Protein chains: 2
Amino acid sequence: MREPFHPPTESISLASVMHAMSDPVRLEIVARLAGSDGENCGGIGDGIDVHKSTMSHHYRVLREAGVTRTTLEGRSRVVRLRHDDLEARFPGLLTSVLAALRRTGPTGG
Amino acid sequence: MREPFHPPTESISLASVMHAMSDPVRLEIVARLAGSDGENCGGIGDGIDVHKSTMSHHYRVLREAGVTRTTLEGRSRVVRLRHDDLEARFPGLLTSVLAALRRTGPTGG
């Protein structure tokens, strides 16, 4: 397996980050990652009723936007939020999204 | 002209707000509104090279997500950011997006 593409911090685009975090399933993934120190790709989606290929798409959108980092650890792909990179690029943004997720969930209510 | 639909503050959805602010043109509109006390629909788009019907679509997405409020004032439609409503619903979110827009613009760089 080769290392997947990640944008450098200084190239992360606001529009792309907002788009990556505009889908309820991707927001659910972000919420789960926020409470963990890295998740195996296979494990994040537990209980999310979405096809495996759709989940792969969601991981890719998050990674290519700069929201997550996927690293190869042994035979696993481990996904983490790019907390520090996002905080450096767009101070307060991820923090306020995570707070909103705790308050209302992805779609409100 | 009838009053257009606006979601009540407590129904504003995070996914919808993020989606509304995930498009470079809509982010540009948000940036312009942030520096004004309300803009006539016709005026916001000055210098944005987008067809009038596309601009109408963008206004509608922002309004229906709860990001902006459109009021009829005389014969004009005036658009404003729902600063206070968004701050009440998702504290810090709009502020961090506006700060990001000042730093990098919609798409970075």
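Worth a mention:
- Each Lys and Arg Cβ is given +1 and each Asp and Glu Cβ -1; about its Cα centre, the range B:14-104 then shows a dipole of about 100 debye.
- Cα-based equivalent ellipsoid of the protein assembly as shown: semi-axis lengths in Å, sorted from largest, via gyration tensor: 33, 18, 15
- Mean partner shielding of peptide A:85-93, defined as the number of other chain Cβ atoms within 10 Å of each residue Cβ, is 3.
- Phi to ³J(HN,Hα) by Karplus 6.51 cos²θ - 1.76 cosθ + 1.60 over the range A:59-70, Hz, x for Gly, Pro: 4, 5, 4, 4, 5, 5, 7, x, 7, 10, 10, 10
- Alpha carbon centroid spacing (whole Å) that separates the range B:5-42 from the range A:3-58: 24
- Karplus-based coupling profile of the range B:92-102, in residue order and whole Hz: x, 5, 5, 4, 6, 5, 5, 5, 5, 5, 5, with θ = phi - 60° in 6.51 cos²θ - 1.76 cosθ + 1.60 and x standing for Gly or Pro.
- Three-way shape call for the range B:54-109 based on the alpha-carbon gyration tensor, with the a/c threshold at 1.5: oblate
- Inter-copy spacing of B:VAL50 label points, which lie 7 Å from Cα along Cα→Cβ, given in nm from shortest upward: 2.5
- Under a model in which nothing but the beta-carbon of Lys, Arg (+1) and Asp, Glu (-1) is charged, the protein assembly as shown shows a dipole of about 260 debye around its Cα centre.
- Global geometry of chain B, whether rounded, prolate or oblate, following the gyration tensor of its Cα atoms and the 1.5 cut on a/c: oblate
- Protection proxy ranking of A:76-83, A:27-34, A:5-12, by the mean of other Cβ atoms within 10 Å over each peptide's residues and highest first, is A:27-34, A:76-83, A:5-12.
- Inter-copy label distances at B:SER36 (7 Å, Cα→Cβ; nm, one decimal): 4.5
- Derived scalar couplings ³J(HN,Hα) [the range B:9-26; Karplus, 6.51 cos²θ - 1.76 cosθ + 1.60; whole Hz; x for Gly, Pro]: 3, 6, 9, 5, 9, 4, 4, 5, 5, 5, 4, 4, 9, 10, 10, x, 5, 5
- In nanometres and ascending order, the distances from the B:ARG2 label point to those of the other copies are 5.6 (point 7 Å from Cα along Cα→Cβ).
Rule-based calculations on the coordinates, nothing more; no lab input. Note that this is a predicted model, so its numbers are computed, not measured. Backbone-built Cβ (ideal geometry, glycine too); neighbour counts: all protein chains shown.
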